Amino acid sequence: TSILDNSVRLDRGAVVYINNEIKDIISEVNDQLLNSSHNKQNLFTGNSFSFHTGANAENSITAPVYTYTALDGDTLDLTVNSAETSLTYLDGRINEIRNVKSQYAAFSNRIENEIDYIGDALLQNTQTLSNIVDTDMAMETSRLVKYQFLEDAALSMYMQTRTQKRDVMRL
């Protein structure tokens with residue numbers, strides 16, 4: 001690696017030192033973005049990811065597609081090109097990343113909305129199930145009361161017939 005000294009484009013000069021730092025950064029960025037993965041699937045390779053969000057296959061959300069290409073070290077080489085060329089190249093790449101970032105933010109919002117929708121649907125289903133259970137309970141309670149009335153009526157009729165039988169026997 002070069003050390004920083006007073007020369008500009010000479011070996012071990014400031015530009016060479018900066019170039020070496022740029023190469024290290026390029027290598028790190030390329031390594032991180034080209035090898036990024038989730039659930040053992042590489043990201044940023046142009047592959048499409050879809051998530052089904054409803055009962056039908058038509059209800060799905062597709063993640064933004066982004067294909068990362070390695071940074072061009074030759075364009076960023078300050079010993080070959082001017083700083084303006086390198087900065088213009090970097091500005092273009094940064095704008096590309098900003099665009100993808102906004103697409104992923106919109107995608108994240110869509111997923112959050114789907115999660116909220118599913119949570120609301122789950123709550124409504126739970127309320128509906130609770131209403132069904134309450135209705136079943138009310139029906140069983142009304143049956144119980146009905147049979148208690150019938151039992152009381154039958155017992156009353158039995159007692160009346162016994163009383164009438166005794167009255168007839170006394171006569």
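In table form, for the structure just shown:
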| item | result |
| --- | --- |
| Which numbered condition V15 misses (of (1) in contact (Cβ under 8 Å) with a residue 24 or more places away in the chain; (2) under 26 Å from P64 (Cα atoms)) | (2) |
| Hits in the stretch 106-129 (condition: open to solvent by 70 Å² or more (accessible area, probe 1.4 Å) and either within 30 Å of V65 (Cα to Cα) or outside any helix (DSSP H, G or I) (or both)) | N109, R110, E112, N113, I115, D116, Y117, I118, D120 |
| Qualifying residue in the stretch 69-83 (condition: free of Cβ contacts under 8 Å to residues at least 40 places away in the same chain, touching a strand residue (DSSP E or B) at 6+ places or on another chain (Cβ under 7 Å) and either within 25 Å of V15 (Cα to Cα) or open to solvent by 30 Å² or more (accessible area, probe 1.4 Å) (or both)) | no |
| Tally of residues being part of a loop (DSSP other than H, G, I, E, B) and farther than 19 Å from V16 by Cα across the stretch 54-90 | 13 |
| Condition met for I132 (aliphatic (A, V, I, L, M) and surrounded by 11 or more Cβ atoms within 10 Å (Cβ to Cβ)) | no |
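Yes/no matrix, rows are residues, columns are (1) modelled with pLDDT of 75 or more; (2) farther than 30 Å from N113 by Cα; (3) acidic (D, E); (4) loosely packed, with under 12 Cβ neighbours inside 10 Å:
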position: T1; (1), (2), (3), (4): no, yes, no, yes
position: R12; (1), (2), (3), (4): no, yes, no, no
position: D24; (1), (2), (3), (4): yes, yes, yes, yes
position: E28; (1), (2), (3), (4): yes, yes, yes, yes
position: L33; (1), (2), (3), (4): yes, no, no, no
position: G46; (1), (2), (3), (4): yes, no, no, yes
position: S50; (1), (2), (3), (4): yes, no, no, yes
position: T53; (1), (2), (3), (4): yes, no, no, no
position: N56; (1), (2), (3), (4): no, no, no, yes
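The values are calculated or read from the model by the stated rules, or taken from the named source; none is laboratory data. Bear in mind that the values here come from a model prediction, so they are computed numbers and not experimental data. For neighbour counting, all protein chains shown are included, and Cβ atoms are generated from backbone atoms with ideal geometry for every residue, glycine included. Side chains are part of the model used for accessible areas, which takes the heavy atoms of the whole protein and leaves out ligands, DNA and RNA. Shrake-Rupley method; radii C 1.70, N 1.55, O 1.52, S 1.80 Å.
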